[in-house]
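Working notes, beginning with the structure itself.
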Amino acid sequence: MKLLIIEDELSLQEIMSTTLRKEGYIVETASTYAAAIEKLGAYNYDCVLLDITLPDGNGLDILEEIKRSGNGINVIITSARDSIDDKIRGLELGADDYITKPFEMREVLARVEAGLRRA
């Protein structure tokens, strides 16, 4: 299974990618909106872990682009935004799950696995 982590906090990106690789996933990363759009256009992913606050754009726009493409990618938002309105907006736009930071990597793994089972 191939995953894309879109996260601008490089230390968190590294923790996430290392943990997921140890579990056998193929992991690519992007730390900007532009890099994420480029990778999504060039490669197929089974799951995207998406931070919505990026230095050069809004992750929700990436979510809308993914859902518009109709390719069935499972999207899990990983965000420090924890208001119920932010969560509902992300889910209404098509996210399959929403995890607020800080989080435990065990939870991320469980949610990735559950999302991939559903797909």
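The values are calculated or read from the model by the stated rules, or taken from the named source; none is laboratory data. Everything numeric here is computed off the predicted structure, so don't read it as measured data. Cβ atoms come from the backbone with ideal geometry, glycine included; neighbour counts cover every protein chain shown. For the accessible areas, the whole protein counts, side chains as well, though only heavy atoms, and no ligand, DNA or RNA atoms are used. Shrake-Rupley method; radii C 1.70, N 1.55, O 1.52, S 1.80 Å.
Using the Cα gyration tensor of segment 1-45, with a ≥ b ≥ c the square roots of its eigenvalues, what is the shape: rounded (a/c below 1.5), prolate (a/b larger than b/c) or oblate (neither)? Oblate.
Counting only residues at least eight positions apart within a chain, or on another chain, the lysines with an alpha carbon under 24 Å from that of Lys2 are Lys22, Lys39, Lys67, Lys101. Protection proxy ranking, highest mean first, for peptides 26-34, 100-108: 26-34, 100-108, where packing is the per-residue count of other beta-carbon atoms within 10 Å, averaged.
Taking the Cα centre of segment 47-92 as origin and assigning +1 to Lys and Arg Cβ atoms and -1 to Asp and Glu Cβ atoms, the resulting dipole is close to 160 debye.
Under the simplified labelling scheme, the Lys67-Ile15 pair shows an inter-label distance of 2.8 nm, with each label point 7 Å from Cα along Cα→Cβ.
Residue-wise HN-Hα couplings along segment 108-113, as the Karplus relation 6.51 cos²θ - 1.76 cosθ + 1.60 with θ = phi - 60° gives them from phi, are 4, 4, 5, 6, 4, 4 Hz; Gly and Pro carry x. Rounded to the nearest 0.05, the FRET efficiency derived from the C-beta distance between Ser83 and Phe103 at R0 = 25 Å is 0.95. Highest average first, the peptides 88-99, 3-14 ordered by how many other beta carbon atoms sit within 10 Å of their residues are 3-14, 88-99. The charge dipole of the chain, taken about its Cα centre with unit charges on the Cβ of Lys, Arg, Asp and Glu (plus for the first two, minus for the last two), comes to roughly 420 debye.
Can you classify segment 8-81 as rounded, prolate or oblate using the Cα gyration tensor, where a ≥ b ≥ c are the square roots of its eigenvalues, rounded means a/c under 1.5, and otherwise it's prolate if a/b beats b/c and oblate if not? Here segment 8-81 falls in the oblate category. Rolling a 1.4 Å probe over the heavy atoms of the protein chains gives the chain an accessible area of 53 Å² per residue.
When the solvent-accessible area of the chain is split by element, carbon and sulfur atoms take up 47 percent of it, the probe being 1.4 Å. Simple spin-label estimate for Ala110 and Asp56 gives 3.7 nm between the two label positions (7 Å along the Cα-to-Cβ direction from each Cα).
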